[in-house]
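**Q** Sending over a structure as structure tokens; questions will come in a sec.
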Amino acid sequence: AQRVTQPEKLLSVFKGAPVELKCNYSYSGSPELFWYVQYSRQRLQLLLRHISRESIKGFTADLNKGETSFHLKKPFAQEEDSAMYYCALNYGNNRLAFGKGNQVVVIP
Amino acid sequence: GAVVSQHPSRVICKSGTSVKIECRSLDFQATTMFWYRQFPKKSLMLMATSNEGSKATYEQGVEKDKFLINHASLTLSTLTVTSAHPEDSSFYICSASQGVNTEAFFGQGTRLTVV
């Protein structure tokens, strides 16, 4: 069965410091990975998808099939990056399996 | 982005009663809607996939007679929790997409408390 693992629950970083959120997956098919973000009191929204290979709000994520990982990175954290981040896997027909999420707190 | 609205945002119901949650796509036609459930401090878990005009497809372990899903139009899907019990208390979230491999947009969620 498909599975998405995000190891740390809470991540506190200082403004300007690098951020890395780890995501590993387990899936027998061809993986399609996403990062979703949820800002305080807002709904879940798409941040990145691996197939688009773009940088959004300074965040990047590379799919590493050998390591079954899709880690999210940003070189310099900003206060507005404080949010909940979820890694997700499309296991067919847009059905998503989510990780438990990471709460990121950026300290001014 | 497109807007998906859930109603109500919060609902409290008595054990044994049924409660209906609506999910609407406000500015696009959603051929597919998804219903997720989120337990406290846990991740979102997909319950079912709802396609307009056809029966919903439930994930393994989800009771279809307990969680009735109707997708009668391209802009509305409903989730009815029947004979609710306190263990059904949870955060229910829907998402909607225009089709396969298109972005799914999420509703704001519905907090259900069964007392």
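Any read-out appearing in this document is the output of simple, stated calculations on the displayed coordinates, not a laboratory observation. For clarity, every value in this text was computed on a predicted model and none was experimentally measured. In this analysis, Cβ positions are derived from the backbone assuming ideal geometry, glycine residues included, and neighbour counts consider all displayed protein chains.
**Q** Which three lengths, in whole Å and largest first, does the protein assembly as shown cover when its Cα atoms are put on their principal axes?
**A** Principal-axis extents of the protein assembly as shown (Cα, largest first): 51, 35, 34 Å.
**Q** So, one more: In nanometres, what is the gap between the two model label sites at residue A:53 and residue B:113, each 7 Å from Cα along Cα-to-Cβ?
**A** 5.0 nm
**Q** Straight-line reach from residue B:41: which aspartates and glutamates have Cα under 19 Å away, leaving out those fewer than 8 places along the same chain?
**A** By straight Cα distance, residue B:41 reaches A:8, B:87, B:88.
**Q** If you scale each eigenvalue of the Cα gyration tensor by 5 and take the root, what three semi-axes come out for segment B:11-59, rounded to whole angstrom and sorted largest first?
**A** For segment B:11-59, the semi-axes come out at 22, 15, 13 Å.
**Q** Go through segment B:32-45 residue by residue and turn each phi into a ³J(HN,Hα) via Karplus (6.51, -1.76, 1.60, θ = phi - 60°); whole Hz please, and just put x for glycine and proline.
**A** These are the phi-based 3J(HN,Hα) values: 10, 10, 10, 10, 10, 10, 10, 7, x, 6, 10, 8, 6, 10 Hz.
**Q** Taking θ = phi - 60°, what integer Hz values does the Karplus form 6.51 cos²θ - 1.76 cosθ + 1.60 yield along segment B:78-94, in sequence order, with x for Gly and Pro?
**A** Running phi through 6.51 cos²θ - 1.76 cosθ + 1.60 with θ = phi - 60° gives 10, 10, 10, 8, 8, 6, 4, 10, x, 6, 7, 4, 5, 9, 10, 10, 10 Hz.
**Q** Taking the Cα-to-Cβ direction at residue B:5 and at residue B:72 and moving 7 Å from each Cα, how far apart do the two end points lie in nm?
**A** For residue B:5 paired with residue B:72, the spin-label model returns 1.8 nm.
**Q** Give the relative contact order (percent, whole number) for chain B; include only Cα pairs under 8 Å separated by 6+ residues.
**A** Answer for chain B is 37 percent.
**Q** Which residues' amide hydrogens lie under 5 Å from the amide hydrogen of residue A:47, considering only partners 5 or more residues apart or on another chain, with H built in the peptide plane?
**A** It is A:35, A:36, A:37, by chain and number.
**Q** So how do B:76-88, A:57-69 stack up, highest first, on mean other-Cβ count within 10 Å?
**A** Going from most to least packed, we get B:76-88, A:57-69.
**Q** Let me ask another. When the convex hull of the Cα atoms of chain B is projected onto a plane and the area is averaged over all directions, what value comes out in nm²?
**A** Its Cα hull, projected and averaged over all orientations, spans 6.7 nm².
**Q** Within segment B:41-115, which trypsin sites (Lys or Arg not before Pro) sit in a loop by DSSP and count at most 12 neighbouring Cβ atoms inside 10 Å?
**A** Sites meeting the loop and neighbour criteria: B:41, B:55.
**Q** What lysines sit close enough to residue B:14 to cross-link, taking a C-alpha to C-alpha distance under 16 Å and skipping anything fewer than 8 places away on the same chain?
**A** B:66
**Q** So, one more: So between residue A:28 and residue A:60, what do we pick up on full extension, going 0.36 nm a residue minus the alpha carbon distance?
**A** Contour length minus Cα-Cα distance gives 9.1 nm.
**Q** Next question. Taking +1 at the Cβ of each Lys and Arg and -1 at the Cβ of each Asp and Glu, which of A:98, B:89, A:33 sits farthest along the dipole of the protein assembly as shown towards its positive end, judged by Cα position relative to the Cα centre?
**A** Projecting each Cα onto the dipole axis, the largest value belongs to B:89.
**Q** Right, something else. Could you work out how far apart the two model spin labels at residue B:60 and residue B:15 are, taking each label as a point 7 Å from the Cα in the direction of the beta carbon, and quote it in nm?
**A** 3.1 nm
**Q** What full-extension length gain, to one decimal in nm, is calculated for residue A:105 and residue A:78 as 0.36 nm per residue of separation minus the Cα-Cα distance?
**A** Gain on stretching residue A:105 to residue A:78: 8.8 nm.
**Q** What list of ³J(HN,Hα) couplings, whole Hz, do you get for segment A:92-108 from phi and the Karplus terms 6.51, -1.76, 1.60, once you set θ to phi - 60° and write x for glycine and proline?
**A** With coefficients 6.51, -1.76 and 1.60, one gets x, 6, 6, 7, 10, 9, 9, x, 6, x, 10, 8, 9, 10, 9, 8, x Hz.
**Q** A follow-up question, please. Mind listing the long-range amide H neighbours of residue B:48? Cut-off is under 5 Å, sequence gap 5 or more, other chains count too, H placed in the peptide plane at 1.01 Å from N.
**A** Excluding prolines and chain starts, which carry no amide H, the hits are B:35, B:59.
**Q** What FRET efficiency do you get for residue B:27 and residue B:51 if R0 is 22 Å and r is their Cβ-Cβ distance, rounded to the nearest 0.05?
**A** Efficiency, rounded to the nearest 0.05: 0.65.
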